[in-house]
1. Restricting things to alpha carbons, tell me how big the stretch A:348-497 is in terms of Rg and Dmax, in Å.
2. Between B:Thr490 and A:Val472, what's the calculated FRET efficiency when r is the beta-carbon distance and R0 is 56 Å? Round to 0.05.
3. At 1.4 Å probe size, with the rest of the protein present, what percent of the exposed accessible area of the protein assembly as shown is carbon and sulfur atoms?
4. So in the protein assembly as shown, what percent of DSSP beta bridges are antiparallel if you round to the nearest 5?
5. If I model a spin label as a point 7 Å beyond the Cα along the Cα-Cβ vector, how far apart are those points for B:Ala251 and A:Glu247 in nm?
6. Roughly speaking, what % of Cα-Cα pairs in the stretch B:89-192 are separated by over 19 Å, rounded to a whole number?
7. Please find the FRET efficiency linking B:Ala124 to A:Ala68, where r is the Cβ-Cβ separation and R0 is fixed at 51 Å, and quote it to the nearest 0.05.
8. At each listed q (0.06, 0.09, 0.11, 0.12 Å⁻¹), what is the log10 of I(q)/I(0) that the Debye formula gives for chain B modelled as equal alpha-carbon point scatterers?
Amino acid sequence: MLGVVGLSLWLGSEVSAGASRPSAAAPAIPSRPEQLQFLPLEFQVPERAKFRYELPGGVIVYVVPDRALPLVKIQAVFRTGAFRERPGEEGTARLVARLMRNGGAGALDPKAFDEEVDFLAARMSVFDSDTAVIASLDTLTAVLPQAMDLFVAMLREPRFDEERLVQEKRILLEELRQRGDDAEEIAQREFRRLLYGEDSYLTRELTASDLERIDRQRLVDFHRRTFGRSGTILAVSGDVEPKEVLETLKRKLDGFEALEAPPWPPVGSEQRPRPAVYYLEKDIPQGKALLGHLGVQWQDFGDPEIYALMIMNDILGGGGFTSRLMRRIRSDEGLAYRVVSMMAIQPFWRGMFLVIFDSKSATVARATQIVLEEIGRLQREVPSQEEVALVQQALIDSFPRRFDSPAQMARLFAEDERIGRPLDFWNRYRERIRAVTPEAVREVAKKYLDPDQLVWLFVGRFSDIAAGDGRVNLDQIRGSQPIVPLPPRDPLTLRPK
Amino acid sequence: MTAKKDSLRTRVKSWCVCLVAALFLASYGWASERPARLPVEEFALPNGMKFLMLQRPELSTVSAGWVAKVGSANERPGLTGIAHFFEHMMFKGTKTLGTRDPVRDAQIIEEQEALQEKIRAEYAGQRERYRLGEIGDPFDPADRPPALIELEARFVKLVEEQRQLMVKDEFDRIYRMAGATGLNATTNQDSTIYFVTVPANKLELWFWMESERLRDPVFREFYSERDVVQEERRLRIESTPTGRYEEQLNALFWTSHPYKWDTIGWMSDLKTLTLAEARAFFETYYAPGNLTAALVGNFDPKRVRELAERYFGRLPASQRPVPDVVTLEEQQLAEKRMHAVCDCPSQLRVLYHAVPFRHRDRYVFDVIAALLSGSTGRLRQRIVLEQKLGVGAAAAQDAQRWAGSFSVYAEAQEGIPLESLEAAVLGELERLKTEPVSERELQKVKNQLVAASLRNLENPFFLNFQLLIYEGMGSWRHLEEWPERTLAVTADDIQRVAARYFIPENRTVARYERRQGGVNAAQGSVQ
């Protein structure tokens, strides 16, 4: 691991070179932590190219060995998911993912397959998202060959057992039925729909009629059409020897072809959100508040504006206790436990800018007022050198930690590959963070934040939220934004009741 | 469909005897020459503070933390929530950190306290009005008498003055600026754990900061933080579909034991916690003899010892012993039941009183939980897949410091009465008493448990956390004892434990039924 990471670190006297250490007495404890002196941590960014291998058929594999424990992890990232569903196929990717894991594979029926996996103490899962399906294996080295066999069978020869399909549908139906219970889940769902629309694969969720429509043949067809080697990325880490594991993978994936090449890159929704104050009634003592609008798409990974945006967001509400929203809303006024801002920079479509907090109904308006004030401030005033330097230093000094875990590193490289980050991205990351100036932070705040475009969503007891706490109410801060009630959705159909 | 015998199965079978032995040996194979122990070095300072060190030289960081062996079980009615609330206060700074003017800051805090005394007297009056039925909620701001409003306004002015002097959240800032990540803490019923990951070259910063906040904490912003904790309670318990029911179920389950209340505390207690109580709490429970620190990562152990002596050696040993939790859970005499109608999925919970942390039976309970849970566990196989009575089910043990519980959870299938689900779950528990578990099934479960114990060693932060949480419960050695003791569990043990503990008098059952026609419910049923 030492060689891999290229870390050199001197441990020893904490006093800087040049000062001499008293021979008998211990050095005095400085009165402030800034007076502590540290030796520099020389960190060399691991070269992504050194871990990258290409297998026949278009498979890219990252292998990060780690012999500390007798465990091996393999993650296979397929360029499929909801974005490959054709009209009328909605929900298929979800069912395919579920049944790949639960529907048996190769010669083994579902029960036999599950028993084998559990007996080997292996962990296997398949997880679907809008633009990826990720299959994972976590196994002990002692049974790696057997676990690999099962894993590859799951990928290449899922049985989509008819009986198990019926079971999974029944179980999924119950999951659908619960979609109106949790305020947090409701809030996140509604907000995404407000931003990206109802019809995009980014927001569309499984309905009861989707479930009814999906049969085994659908699953088989979708799997055949979209699962194969071309465009697939593997992340392998743990107790493996690269040559050996690559040879095995090459052999086992030989001939694994999808009928269709993945259309890449995926395209997002064209929807333009309509700014307003939306609310959904729910009888809970706390109001959930989400405020945001569309953000930025990451097209040029060296674009200095992106790094300025990261720092801007950290200052606003992404940096935990050092961020402005946390300080004012939680720390100063005790209005919330959670308050955070996100500026998601998506590679294939414009990401979300979002501020989210939860406060008792009466104080939601006051906390919202503070959010608007701080967005305005970021746009008007150049942040202080100190504030920017704090974030830069935090990001730069915590940077090595990203590469501490071989498993994490392998997955990181796989994601880099998937979204098209250049090979030198991490090498240049720190210098790009360092290059951001306070003026640049204000510039991107002015350019990319727009209070008039904000979509507001409240979930809770709306009349209490609107009434405020006597200091400020909703009418006083919403300007010309209309108030739009959202009807609750039937959890099975997701259609308004 | 029956499974066909194939070569894969045969190969697996031939492994089954060797697997567990191999796993066990491999599990501590940092190097094959090492004995089967976790390479944790221990030492203690003269003031009683204990240190654990586990080196991981390949890392660029050190995950470091310490545990105070105090949790909500050490509380009493009127003071519930103070252990967790206190955890929040430990981030508010010290005389040096967090204020530009420590003298004036301290004066303002005393002035605030004087006002709060008067405010508390007013709230006592509000509670009396509430008891008489004059008002619906003693804390409703709309019902405040003028005297109270005036006092609270004066208090706000003092807060504003103090804020001018404050260096906000300086503790967090210093850590962040040094590249530290994951600064946080957590409180449970048994312990309070503070942790952070620092770059390896900043090790001394951890010693400086942690010893400083133990030596010289200042509990500023006490009252705004009290509001934050109330919001946390609203978020975690009061605004989730089942949070409040879970809280009441827990209170039903425990008769006499302080595990009865949730760590976050009852709202009425949260609203009345005082600074004096927080200070007393600190004096009693945060003495160095009641603390253990742990470090996992890239460091020189000699240096850690030297820094520990220099920094934490300054903490004076306490003269008073730390109070034990003496209340035992009264033996339950009759089955307890709860029936809730909620905007939540229909579900069942069955709980039994079990055993504490390192009791000899806890390993048997872990094996029982594993037999019942998971993809091929009995609950899912029989109740979900075969009988179709539910859509999910699992079992778990919670063997805590002072006492323990074992619980089964099952989520209902719409249209199936909860009686049937309950009968099926209890049926599975009965089976454990009467049918010895087969060798293969027991082997499977043991494979999984040992593999899990290996996986628990991977992540250095999590490893550090486990050392601390187990210290808080009794001993970090649980981490290395557990696989061996679990492997020793026999089919007889399982029957014995099931027969002893899974009896009606020891049981609490909760049924949550989804409210029909609720605003969140589906319209009509679908089949």
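1. 20.8, 55
2. 0.25
3. That fraction is 51 percent.
4. 75
5. It is 6.6 nm.
6. 61
7. FRET efficiency, B:Ala124 to A:Ala68: 0.30.
8. Reported log10 I(q)/I(0), two decimals: -0.36, -0.81, -1.14, -1.28.
The values are calculated or read from the model by the stated rules, or taken from the named source; none is laboratory data. What you see is a predicted model; the values in this text were computed from it and never measured. Here Cβ is always computed from backbone atoms with ideal geometry, including for glycine, and neighbour counts include all displayed protein chains. Just so you know, the surface numbers come from the protein's heavy atoms only, side chains and all, with ligands and any DNA or RNA stripped out. Shrake-Rupley method; radii C 1.70, N 1.55, O 1.52, S 1.80 Å.
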